[in-house]
Amino acid sequence: LITLEITERPKWDNKVQYMLTCIGFAVGLGNVWRFPYLCQIYGGGAFLIPYGIAFVFEGLPLLHMELAIGQRLRMGSVGVWNSISPYLGGLGVASMLVSFLVGLFYNMLLAWILWYFFHSFQSPLPWRDCPLNLNRTGYVSECEKSSPVNYFWYRETLNITPNIETSGPVQWWLVLCLASAWGLVYICFIRGIETIGKAIYVTATFPYLVLTIFLVRSLTLAGATDGLIYLFTPNWETLKNPNVWLDAATQIFFSLSLAFGGLIAFSSYNVQKNNCERDALIVGCVNSFTSIYASIPIFAILGFKANENYNNCQNWNILRLTNSFNIGDENITVENYDVWFNYLNATDPSEVKSLDLKTCNLQTFLDQSVSGTGLAFIVFTEAVINMPGAQVWAVLFFVMLFSLGLSSMFGNLEGVLTPLLDLHIIPSWIPKEIFTGLMCLSSFTVGLLFTLGSGNYWLEIFNSYVGSMPLLIIAFFEIISVVYIYGIDRFNDDIEWMTGRRPNIYWQATWRFISPLMLLVVFVAYVVIEAEKRPTYNTWNPDYVHFPLADVQHYPEWVYVICVLLSVLPVVSIPLVALYKFMGFLNKYIMKRHNPNPYGNELCHGEF
Amino acid sequence: MLWKVLLLLGLSSAWAQKLCSPGASDGYKVRLSINSALGDQAYVWNENEMFLFRATLAFAMRTYSDGQEYDVANVVVCDETPRVSFWFVVTSPLDASLLVDKRRVEEAVRKSRSRINSAFLLTDDTLEFIGIPPTLEAPVAPDTPPWLIAFGVVMGGVGAGIVVLLVSSVVQKIRKKRDGEEETGGKTENEAASDAIYNMSFSDDEPVTQM
């Protein structure tokens, strides 16, 4: 039972580094800008029920399994699946490909965050005011029709094209930001887990500090309680919608960063006698806690923003009435508005009608839900403008987002580096620093795609098609392989040897039946729901009739083909490698039959 | 004689009132929002404040228009409302029945806007001349965009860090090699083993021996 290890495998300096790295990988941007959004649209507190169920029956078992298998077999994803069975080598290759592709677009998000961070050191913040038009008589029309924050995001940051077919030029400022993002990633990743382990002390803990600061600050803002009540008031009706369950299952899955191979890589650098069960519980619970903890300041701030919008709406109405009827300044207030309105409407209804007064409803403003980049770069930046000391809050917020994303990037890159190191594909004369540099450089080059004018549309495609379905397939095969090919009894023995305790009935039941079944159901539901509609995307088109509403377009044929390829290519390696190995096996079998040689060295099927 | 003078005065004021009317082609509407601007410090709008306005406007016309000697009487005000809003027209100092052209009034107001505002402790938003939009301030464009400075700082730090790390690892390797050569005068056993090619046929690919 000795696996020869010539160069000693790198290992974590201490347990804390390992835990922080796993937590940092799991806790990412999605915890901040996807989970609160899902809570909001799926009935607030009620969403926690499907989320909790998915966590217990799908998230935790898979997490425990990945950590355990990596720790036991002490190899990255390719090596681990190869060890279990050579026909499964494709599983590791698939994980590696997905990690690489996700790393490409994930770092673009970091580049955008850096862009906003660089711009937060000005007074006033550049997204507060519209720029003046050429002859200084007014504001740029695109900005006037939408809003300064929208204009800054879509025009000054992305310089977005009206649709995905128009590529537009490469935006040099985004190239600079992407280069700095990759530079920052490289400096932490340069020696693999040696440097990651040092960097993680900061990048994994800093977000919690900032979240706490924001929590305290946001609770003092006016309208915060409205936002929080809105978030947590459960609407039990939503539980009848099957989409809620599907989204909860996929959210817990992607939130824990399963099937990327990164967790397997991290745990492979552990000592073998380590309680992986407790680690899995800690990582899973901290991840879910962070999601809920992050929702509180996010929603307090969204409530504050809705309140501001509501007050502005009312004040606009008041001003219209005051100016039109020449009533004394500040005689109409928010409190007596209804009295005045009824009086004026009774005296001169036609005049009142001509004013086009708005209906101001706080609920409507609260209902405006946004997730993803929209939350960070549009909604949040707008809220920050109205807070005193806006620059400080903006800087803190973007540094927090950057650390969240950076620690997740480590996992993505380790998911690529560790298998490559284990496969000994890299000639030994190339030092690790150069190899990681080459990895970063090649990812940067391919990632230049996202700096085009249509880059945002491509990023959405990558996010939807690479970062979703392939992972479900990989995870399903992972759990089937461990339970039925490696053997659940053998796995139980391994865990008993590593932790000193045999996994209890909960783990047995979930590993054997519940989790694979849930994954299968989620996957089928996902495919069915995605396949029944032709995919569309939102575009930002200033020439659109109903601008600033998004112009919804269908993907052109060639783009749709690329989408399908992105989903299929990573997972096609699973059958391909199996087939390749099988051909090799058949070949040997046939050769043996034709040429029986009793001294023939039966080459182990462990050769690669 | 007296009644002639009185008649003339009455006629002229009546005439002046006729010149000024809401929607007059050469007139402008002014709107003040004193309470919104000043809150507790708000002053009451009365005849004296109106006199100040007419005087300020006469000043603006004197300084920025054709240089004629405009007087308070040349600024005629009408249609005052509790809002506080009113219409005004400017008559020529040479002939009280002639109105000064709209564009000249606009030009004078534009150029002296900040003086007028400060006379009343108000701003462009709270002292509005309907039809004369305030000249938008030209944005201050610094020579180097500030974001490039922040970018330069970050990239400088990153570049320095990468160089330091690479140099330190090279130095480490050289030091290790030197130590290794000093110890045995050749390759150490560990290094000899590391040159070996890992022959997987000798390894048990099943880490747990089957019982």
Need one word for region B:18-58: rounded, prolate or oblate. Basis is the Cα gyration tensor (sqrt eigenvalues a ≥ b ≥ c); a/c below 1.5 gives rounded, then a/b vs b/c decides. prolate
Is the shape of region B:84-150 rounded, prolate or oblate, going by the alpha carbon gyration tensor and its root eigenvalues a ≥ b ≥ c, with a/c under 1.5 for rounded and a/b larger than b/c for prolate? prolate
If you look for lysine pairs in chain A that are eight or more places apart or on different chains, how many of them have Cα atoms under 14 Å apart? 4
Pairwise over distinct Cα atoms, reciprocal of the mean inverse distance: report the Kirkwood radius of region A:47-181 in Å, one decimal place. 19.6
Hull volume in cubic angstrom per residue (convex hull over the Cα atoms of region A:64-118): 89
Can you give the three extents of the C-alpha atoms in region A:395-542 along their principal axes, from longest to shortest, in whole Å? 59, 52, 36
In square angstrom, what is the accessible area per residue of region A:461-577 with a 1.4 angstrom probe? 50
Return the ratio Rg/(2.2 N^0.38 Å) for region A:29-83, where Rg is computed over Cα atoms only. 1.59
Going by average Cβ neighbours within 10 Å, how do the peptides B:153-165, A:294-306 rank, with the highest at the top? A:294-306, B:153-165
Before we go on, tell me the buried accessible area for the A/B pair, both chains summed, 1.4 Å probe, in Å² to the nearest 100. 3700
For region A:479-566, Kirkwood radius (reciprocal of mean inverse C-alpha pair distance, Å): 17.4
Counting only heavy atoms of protein chains, what accessible area per residue, in Å², does region A:1-113 have with a probe of 1.4 Å? 27
By the DSSP-based rule, helices of chain A that are at least 18 Å long along the axis (C-alpha) and have a mean Kyte score of at least 1.6 are A:89-118, A:172-189, A:515-531
Calculated from backbone phi, Karplus (6.51, -1.76, 1.60) coupling profile of region A:533-548 in Hz, x at Gly/Pro: 10, 6, x, 10, 9, 8, 10, 9, 10, x, 8, 5, 4, 9, 3, x
What is the Cα coordinate range of region A:348-413 on the first, second and third principal axes, sorted by size from largest, in whole angstrom? 68, 27, 16
If you wrap a convex hull around the Cα atoms of region A:452-509, how much volume per residue is inside, in Å³? 120
Classified through the alpha carbon gyration tensor (a ≥ b ≥ c as square roots of its eigenvalues; rounded if a/c is under 1.5, else prolate when a/b is larger than b/c, else oblate), the protein assembly as shown comes out prolate
Largest-first semi-axes in Å of the equivalent ellipsoid built from the Cα gyration tensor of region A:383-478 are 32, 20, 16
Cβ-defined net charge surrounding A:Gly43, 11 Å radius [Lys, Arg +1; Asp, Glu -1]: 0
Take the alpha carbon atoms of region A:559-598, find their center, do the same for region A:218-293, and report the distance between the two centers in whole angstrom. 37
Karplus 3J(HN,Hα) series, Hz, for region A:149-160 with 6.51 cos²θ - 1.76 cosθ + 1.60 (x for Gly, Pro): 5, 4, 4, 4, 6, 7, 9, 7, 8, 7, 6, 6
Over all directions, what mean area does the Cα convex hull of region A:259-327 project, stated in square nanometres? 7.4
With every protein chain in place, what's the accessible area of A:Ile193 (1.4 Å probe, Å², nearest 10)? 10
Return one whole number: the accessible area per residue of region A:143-192 in Å², for a 1.4 Å probe. 32
Note down the accessible area of A:Phe523, probe 1.4 Å, to the nearest 10 Å². 60
Hey, what's the Kirkwood Rh for region A:114-160 if you take every pair of different alpha carbons, in angstrom? 11.1
Ignoring any ligand, DNA or RNA, what whole percent of the accessible area of region A:359-465 comes from carbon and sulfur when the probe is 1.4 angstrom? 66
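The values are calculated or read from the model by the stated rules, or taken from the named source; none is laboratory data. The shown structure was predicted, so the numbers you read here are calculated from the model rather than taken from an experiment. As a convention, Cβ positions derive from the backbone with ideal geometry for all residues, glycine included, and neighbour counts pool all protein chains shown. These accessible areas exclude ligands, DNA and RNA; they are computed on the full protein's heavy atoms, side chains included. Shrake-Rupley method; radii C 1.70, N 1.55, O 1.52, S 1.80 Å.
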